[in-house]
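The values are calculated or read from the model by the stated rules, or taken from the named source; none is laboratory data. None of these values were measured; they are calculated from a predicted model. Neighbour counts are summed over all protein chains in view; Cβ atoms, including those assigned to glycine, are modelled from backbone coordinates with ideal geometry.
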Amino acid sequence: MLNPLRQKLRRPDQPAEYCATIVVMSAVTKVDALAIVALAVDGRVEQQRTVRPFVLLDGAQRGDGAWAEIEIPKFGEPPPLAIDVYSTVSDDHARLQALTLMARLESHTGWSIRPDFDV
């Protein structure tokens, strides 16, 4: 009798987030990097002025597809800049989106970029 009630009260499971990181060996601010990523994918920066701004990739919505977030070095540390590409689909999807973003950024910028995962 209490089982159906417990199931209704249970919080829905959060979708899994798979991450693939690409590394940029250039000195650039987080704000500038987000703007450049947005321009490269013909998108826009979502949730600006928050702790975790992001750029949607592949015309997706956050939590349903792929998006990129920027991790900057800590104070006083030299580059690299990490671009984390997240996907709710699969690890392979995150990696594919990261490689696609890497190719777009290399064609739009002078950045030297490498994947932080096996290709």
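Residue check: is A35 at pLDDT 65 or above and surrounded by 13 or more Cβ atoms within 10 Å (Cβ to Cβ)?
yes
This table checks each residue for (1) of a type in the set (D, E, K, R); (2) surrounded by fewer than 19 Cβ atoms within 10 Å (Cβ to Cβ); (3) assigned to a helix (DSSP H, G or I); (4) at pLDDT below 85.
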site	(1), (2), (3), (4)
D42	yes, yes, no, no
R49	yes, yes, no, no
R52	yes, yes, no, no
L57	no, no, no, no
A66	no, no, no, no
H93	no, yes, yes, no
